[in-house]
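The values are calculated or read from the model by the stated rules, or taken from the named source; none is laboratory data. Here the structure is a predicted model, which is why all the values come from computation and not from measurement. For neighbour counting, all protein chains shown are included, and Cβ atoms are generated from backbone atoms with ideal geometry for every residue, glycine included. Areas reflect the complete protein model, heavy atoms only, side chains present, ligands, DNA and RNA absent. Shrake-Rupley method; radii C 1.70, N 1.55, O 1.52, S 1.80 Å.
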Number of protein chains: 2
Amino acid sequence: MNDLAALKADLEGLAIEDNPQIVRQKSRDFFWYSPVLKRQLDEVCADIVVTVTSEAEVIRVLRACYAHDVPVTTRGAGTGNYGQAMPLSGGVVLNLADMNKVLEVSTGVVRAEAGAIMSTIDDAARPSGQELRLHPSTYRTATIGGFVAGGSGGVGSINWGGLRDFGNILRLRVVTMEAEPRILELSGADLHKVSHAYGTNGVITEVTMPLTAAYDWVDVLTGFDSFAEAARFADALANQDGLLLKEIAPIAAPVPHDYFLRHQKFIRRDQSVCALMVAPFAMDAFSAFASRFGGVEILYRSDLASDEDKQGLPPVYELAWNHTTLRGLRVDPTLTYLQVLYPFPDHVEKAVHLAELLGDEAPAHLEFVRFDGRNTCFGLPIIRYSSEDRLEEIIRIHEDRGCPVFNPHCYTLEEGGMKQTDAVQLAFKKEADPKGLLNPGKMIAWENPDFDFSSDQTYLFPGLAR
Amino acid sequence: MNDLAALKADLEGLAIEDNPQIVRQKSRDFFWYSPVLKRQLDEVCADIVVTVTSEAEVIRVLRACYAHDVPVTTRGAGTGNYGQAMPLSGGVVLNLADMNKVLEVSTGVVRAEAGAIMSTIDDAARPSGQELRLHPSTYRTATIGGFVAGGSGGVGSINWGGLRDFGNILRLRVVTMEAEPRILELSGADLHKVSHAYGTNGVITEVTMPLTAAYDWVDVLTGFDSFAEAARFADALANQDGLLLKEIAPIAAPVPHDYFLRHQKFIRRDQSVCALMVAPFAMDAFSAFASRFGGVEILYRSDLASDEDKQGLPPVYELAWNHTTLRGLRVDPTLTYLQVLYPFPDHVEKAVHLAELLGDEAPAHLEFVRFDGRNTCFGLPIIRYSSEDRLEEIIRIHEDRGCPVFNPHCYTLEEGGMKQTDAVQLAFKKEADPKGLLNPGKMIAWENPDFDFSSDQTYLFPGLAR
């Protein structure tokens, strides 16, 4: 603890928290959606939390931590589900939540501090008729820096693809973890160095994102007699080029009825649902399309709902993406989920096949997205969890059918992602974090360059055994 | 001419033109892009032109023409290329160009009189940060009503598909051709009754269209050593979900150098070009993508061009769609063109194959569009015209390779379109134009219900022989 005492002395004047309960709270994200991560990471805890309010303070923290060899795990709102913000080696949690100013809104562009909440950014953009292209279901709590560092896409991905795509992040300011931290401005192909790197190779302090036209999106729930019909409708809808939607999510019965408690009154238990956000001026055309498609029951639309009906209803984006899972967990804490890609052009067929194969052990939940120019879908099926072995088996069942799983039961970049070394991110870590102090244990390529991704073994960070 | 004299008396007080030269001028559209239509239609002429300024005047004209059995062909700016506005049976040309007010701009929506010029609509929408989704290359001259009645898509179709797609037209006001003309408001699935019907079954007086975010689009010309490379780049670019572009058109050498005279200084004669409109904030990401793709030479970008360089340059959209053909025609009046669809997913392969097969007889020109949710391309190849037989042969060469031709050398709805009866439009004509007085000769299903579309014969309207 000598190092820590010296560090604290160096950081005098900054907002340092060492109350164990608060430190523990700020050392946790939403990793507990996974029973596997819960077992592995439940005891993980930082030594102190430093809350900064400026880039100068970030630099001060990194300089001091570098000098004292103290690990730093950067945190926004801690809404990640892969344990992105869990400080596996203890040390400092660097909390950017108070670095949250929206700095500039212009045509097509917003610049904000990394800790700015996404809905706050949109509040600032809306007077100009604009909003962010993409956001997670944690729109009202998650930070833009956390989304860039640990997210991949979400609401809006049906129009714009994911954060990995050229153009969905415009510019990042990053502070390096060196004796004398540098400030770098990244754009173009360089953005890939730090986006979705979990803060393992730099601290993002400022984010420039594209904006798109803002609308008062209409929340719509449509009901179907089978999941297959819901999925086919979603696919057909996604391929309607002139219909502007922001969200298309088919969800299998009985999830909507059983877990969307506030909307339960609109939904039969045997009804699969397609949850939608539709541009208000597109509602006539949407209705015409739905009635031509056939078999679509409009259960709810926010533009026609009475104030009484709308009372207390969460927005549709808080029924979708990982809020579907969250609503399930609130009713049944034994649930968990997967993240699956169903590749185009057989995505619907594959998703329906897997849904039928796994039945109520894995009620289907799809999220339609644009992916390399085509409309396809990710899946976030609810899993009625029984054991880690069975979970692995369910993952294999998906992969054996050509549906890659971005495993949310692993906390490393590689295992939760493409299951291979990202040479660009590794090279940048060597340059920007030579001591390997940033978010230790998350980048296998750094921790164990010889790790065999083709083995069935999950990587276990030695630091966890400290 | 007795009928006509009586009609004129009935229309007293309206703006009636009977000066033969002006009537002839207003009886012509851009049909002369086609040597076949030029031969067939060059003598076509109305008897009088009536220019109206209100819906009440439209009703007055239709009521009187119905009473006197005088045909009415509605005209906007007359920029169509299929002879849409050619009055095959003479009679009245109903000119809506002075019914051109932009009535209302709100979030996502504009309402305008049918004769409003598209660029004028955008001028009215731009203070709210909005613009039309789609426009033809004749943006600065064409009317919105003419586009809806006789167009199919254009600039912006890479994002929104075509006018036929649900959501790209929101509402139309239509006046019927009956003893007592009715005013109908069409929306949803009903829009199909009159959109792309050439005014054969109603007169569109007012149009409500969706708007999207407006940007100061950057005009970019990129150069390639071969057409195949230009086409592959265009395809890859179209599939970049995060890169916002409004126009992607690969054009084979030597068309860009030989016909884009104002841009000639930027282009080598052996260079194929991809003409682009890119959102200004996407330029960094675009450049990163282009340099990763490789082999892309940036010949011109308007955001970096000097005022001297920009002097007198037309915008990129006036190099694309049928302005490519028009620029060719200005240099070599013997040229013509085709309209081809290259179906997904083999669109690039098919387009490149046909370009290589036909060589300099048909220099390729592609327009990338979204079509049923996929990015594919239309072609508007320049044709170095030799004879009608050879033109037919070139069309067959395309069709034999699975690439349907929307034949711009035919003036009927069916032959220029899907080559089959449109039952909805026919039924609506029976209701809204029982005497068949609206734009006679353009709907085969009405004129000759027994016409065999599978024969190799072109339909010839008997009225032409009058």
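Residue by residue, here is whether (1) part of a helix (DSSP H, G or I); (2) not small (Gly, Ala, Ser) holds:
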position	(1), (2)
B:363	no, yes
B:370	no, yes
B:378	no, yes
B:383	no, yes
B:386	no, no
B:389	yes, yes
B:393	yes, yes
B:397	yes, yes
Discussion item. Just to be sure I understand the filter: pairs with C-beta atoms under 9 Å, separated by 6 or more residues or on different chains, first member in the stretch B:261-280 and of a type in the set (Gly, Ala, Ser), second member modelled with pLDDT under 95. Which pairs pass?
Written reply: none
Worksheet item: Out of all the residues in the stretch B:123-145, which are surrounded by fewer than 22 Cβ atoms within 10 Å (Cβ to Cβ) and among the small types (Gly, Ala, Ser)?
Response: B:124, B:128, B:129
Fill in: Subset of the stretch B:272-317 that is part of a helix (DSSP H, G or I) and of a type in the set (Asp, Glu) - its residue that is nearest to the other protein chains (Cβ to nearest Cβ)
B:284
Fill in: Among the candidates A:155, A:110, A:148, residue that is within 14 Å of the chain's Cα centre (by Cα), within 14 Å of chain B (Cβ to nearest Cβ), in contact (Cβ under 8 Å) with a residue 40 or more places away in the chain and crowded, with 22+ Cβ neighbours inside 10 Å
A:148
Worksheet item: Only one of (1) closer than 30 Å to residue B:209 by Cβ; (2) open to solvent by 60 Å² or more (accessible area, probe 1.4 Å); (3) of a type outside the set (Ser, Thr, Tyr) is not met by residue A:274, so which one is it?
Response: (2)
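Check B:402, B:417 and return the single one that is in a loop (DSSP other than H, G, I, E, B), open to solvent by 20 Å² or more (accessible area, probe 1.4 Å) and either free of Cβ contacts under 8 Å to residues at least 60 places away in the same chain or more than 14 Å from chain A (Cβ to nearest Cβ) (or both).
Answer to the selection: B:402.
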Worksheet item: When you scan the stretch A:211-258, how many residues do you find that are in a loop (DSSP other than H, G, I, E, B), buried (at least 24 other Cβ atoms within 10 Å of the Cβ) and more than 9 Å from chain B (Cβ to nearest Cβ)?
Response: 1
Worksheet item: In the stretch B:158-188, how many residues are open to solvent by less than 40 Å² (accessible area, probe 1.4 Å), of a type in the set (A, V, I, L, M) and either within 22 Å of residue B:433 (Cβ to Cβ) or touching a Gly at 6+ places or on another chain (Cβ under 8 Å) (or both)?
Response: 8
Item to complete: Run residue B:100 past the list (1) touching a residue at least 60 places away in the same chain (Cβ under 8 Å); (2) farther than 26 Å from residue B:422 by Cα; (3) outside any strand (DSSP E or B) and report the number of the one that doesn't hold.
Response: (1)
Worksheet, complete the sentence: From the option list B:73, B:79, B:120, single residue qualifying as at negative phi, more than 14 Å from every other protein chain (Cβ to nearest Cβ) and open to solvent by less than 10 Å² (accessible area, probe 1.4 Å) is B:73
Item to complete: Evaluate the stretch B:264-271: report whether one residue or more is within 27 Å of the chain's Cα centre (by Cα), more than 14 Å from every other protein chain (Cβ to nearest Cβ), surrounded by fewer than 20 Cβ atoms within 10 Å (Cβ to Cβ) and not in a loop (DSSP other than H, G, I, E, B).
Response: yes
Worksheet item: Are any of the residues in the stretch A:189-201 part of a loop (DSSP other than H, G, I, E, B), open to solvent by 20 Å² or more (accessible area, probe 1.4 Å) and over 23 Å from residue A:323 (Cβ atoms)?
Response: no
Practice prompt. Examine the stretch A:159-176 for a residue that is away from chain B (no Cβ under 14 Å), assigned to a loop (DSSP other than H, G, I, E, B) and on the phi < 0 side of the Ramachandran plot, and state whether such a residue exists.
Written response: yes
Worksheet entry | Exclusive hit being touching a Gly at 6+ places or on another chain (Cβ under 9 Å) and open to solvent by 40 Å² or more (accessible area, probe 1.4 Å), set A:447, A:431, A:361 | A:447
